[in-house]
Amino acid sequence: MKITDIRATTVAVPLEAPLLHSNGAHWGRFVRTIVEVEADNGLVGLGEMGGGGQSAEVAFEALAPYLEGHDPFELEALRFKIANPTASLYNNRTQMLAAIEFACVDLIGKHLNVPAYDLLGGRIRDSVPFASYLFFRNPGPGGAVPEVRTPEQLVEHARALKKEHGFSVHKLKGGVFPPSHELECYRALAEAFPGDRLRYDPNAVLSLDEGLRFGKAIEDLDNDYLEDPVLGLEGLRAVRERVNVPLATNTVVVNFEQLAANVLRRSADVVLLDTTFWGGIRPCIKAAGVCETFQLGLAVHSSGELGIQLATMLHLGAVLPNLTYAADAHYHHLSDDVIEGGKLPYENGRIAVPQGPGLGVSLDRDKVAEYAEHYREVGDYPYDRDPSRPGWYPIVPNERWADPDSPLIPIG
Ligand SMILES: [Mg+2]
């Protein structure tokens with residue numbers, strides 16, 4: 001099997017409502033680039049990349065000369081062809097490598113007529129548990145979807161998601177409002193859902209002082225972990241020494257050098273593996289092996305996903321014996337998907353691992369065309385800006401919080 005072509009199509013898929021985070025916002029849509037890698041046997045492998053609210057079409061098309069004639073089975077060679085570790089100092093292609101790796105794994109599975117999980121070690125579980133990923137959010141289009149700003153609104157939102165999807169783990173994405181307000185929100189969740197588990201992630205924008213204060217103030221709750229309360233391995237380590245809650249990161253253990261540093265001098269107890277940040281599904285499995293040896297916990301990170309990327313997270317989750325925490329996904333905030341059959345459903349807080357060959361998902365061509373057109377209409381968006389706060393940008397540690405007493409306005 002040889003690769004003959006690569007195509008990239010950027011789509012914009014609406015979210016139910018804009019999602020706020022410490023860096024700004026997802027402006028009411030996810031901009032994702034769908035990658036199709038075609039082989040000489042007529043098969044097409046699927047990949048996906050997003051991030052930053054920007055199209056990556058041109059970047060992928062520029063890689064066609066690297067890929068033509070490459071055998072998709074040669075995944076290790078692919079790593080060096082696309083993202084040689086020292087050449088990457090100049091061209092920074094890890095995320096593109098990930099999307100192409102997804103497509104090659106999909107091609108191999110389709111060629112052999114086996115699901116991706118069978119290429120990756122075999123499944124330990126048939127479905128993967130997910131956390132409800134709760135965001136503060138502006139109202140949705142036309143006010144049909146209400147804002148989430150106050151503890152009461154957050155609990156109501158979580159209750160609706162739990163009822164619809166069956167979640168029993170709740171992750172609050174914070175770093176938006178003053179920590180005292182977010183603490184009140186977090187504790188309101190704990191009170192509303194006794195027996196459920198919780199995690200809080202302010203995307204590393206708290207000062208050490210605020211991180212310690214927040215960590216201390218939640219020690220009595222059923223926490224999975226405190227995720228990136230402050231920036232950096234040393235910052236996390238300083239919190240970890242004084243707070244009795246496991247610490248997790250998806251920001252400063254995203255490659256093997258950082259994993260080694262965290263093994264030698266532990267800062268995070270739980271590593272959130274991201275199939276995009278780590279450069280593919282297979283590097284995540286390699287990292288999981290290191291975590292198994294050194295008794296680090298694992299979860300699956302979400303960097304925003306449509307059905308193709310979600311499938312990579314499901315196949316990863318299926319094969320990791322030491323996945324002891326629910327995965328994260330933004331998926332339930334999307335209004336639609338580009339895969340055949342529409343959005344993959346949650347059942348009792350879990351999503352079934354696709355059973356078909358390769359990644360087990362296929363494109364709905366009409367949906368791809370519809371959302372590619374939508375992308376042409378609405379375009380990119382700056383992930384690190386909040387359109388409701390003109391001129392604002394965050395600093396780290398942050399002190400420029402949104403006002404919890406002002407109702408959020410519709411954006412996008
Ligand atoms: Mg995080």
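Read-outs throughout are calculated quantities, based only on the coordinates presented, and are distinct from any laboratory measurement. Predicted, not measured: the structure shown is a model, and the values here were computed from it. Please note: Cβ atoms are built from the backbone with ideal geometry, for glycine as well, and neighbour counts cover all protein chains shown.
What the Cβ-Cβ distance of ARG266 and SER180 gives, at R0 = 22 Å and to the nearest 0.05, is a FRET efficiency of 0.15. Longest span of the chain, sites excluded, free of GluC sites (Glu not before Pro) in DSSP loop with at most 16 other C-beta atoms within 10 Å? Here the longest segment lacking exposed loop sites spans 75-218.
When the Cα atoms of the stretch 133-238 are aligned to their principal axes, the ranges along those axes come out at 43, 31, 20 Å in descending order. The alpha-carbon positions of the stretch 118-352 define a convex hull whose volume is 120 Å³ per residue. Considering only ALA369, ALA311, ALA327, give the residue with the highest GNM mean-square fluctuation for the chain, with springs between Cα atoms whenever their separation is below 10 Å. Result: ALA369 has the largest fluctuation of those listed. If you run the Gaussian network model on the chain, springs between alpha carbon atoms under 10 Å, then out of TYR346, TYR200, TYR117 the most flexible one is TYR346.
Taking the Cα centre of each part, how many Å lie between the stretch 157-228 and the stretch 238-252? Using only Cα atoms to place each centre, the spacing works out to 14 Å. Using the Karplus relation 6.51 cos²θ - 1.76 cosθ + 1.60 with θ = phi - 60°, the per-residue 3J(HN,Hα) values for the stretch 54-67 come to 10, 5, 10, 4, 5, 4, 5, 4, 5, 8, 3, x, 6, 9 Hz, with x marking Gly and Pro.
Of the listed pairs LYS286/LYS343; LYS110/LYS286; LYS163/LYS343; LYS2/LYS81, which have alpha-carbon separations greater than 19 Å here? Pairs exceeding 19 Å: LYS286/LYS343; LYS110/LYS286. Helical runs (DSSP H, four residues minimum) scored at -39500 (n - 2.57) apiece and divided by the length of the chain put the mean residue ellipticity at 222 nm at -10500 deg cm²/dmol. Of all DSSP beta bridges confined to the stretch 118-352, the antiparallel ones make up roughly 20%. Using a cutoff of 8 angstrom between alpha carbon atoms and counting only pairs six or more residues apart, the relative contact order for the stretch 1-156 works out to 25 percent. For LEU363, the shell of other residues with beta-carbons less than 9 Å away shows a net charge of -1, using +1 for Lys and Arg and -1 for Asp and Glu.
Among VAL396, VAL105, VAL271, the largest mean-square fluctuation in a Gaussian network model of the chain (Cα springs under 10 Å) belongs to VAL396.
Among the trypsin sites (Lys or Arg not before Pro) in the stretch 363-412, those located in a DSSP loop and surrounded by at most 12 other Cβ atoms within 10 Å of their own Cβ are ARG400. When LYS173, LYS163 are arranged by Cβ crowding within 10 Å, least crowded first, meaning fewest neighbours, the order is LYS163, LYS173. The loop-placed chymotrypsin sites (Phe, Trp or Tyr not before Pro) in the stretch 232-322, going by DSSP, that have at most 14 neighbouring Cβ atoms within 10 Å of their Cβ come out as PHE294.
Taking one equal scatterer on every alpha-carbon of the chain, how large is log10 of I(q)/I(0) by Debye at q = 0.06, 0.12 1/Å? Debye intensities relative to I(0), on a log10 scale: -0.22, -0.95.
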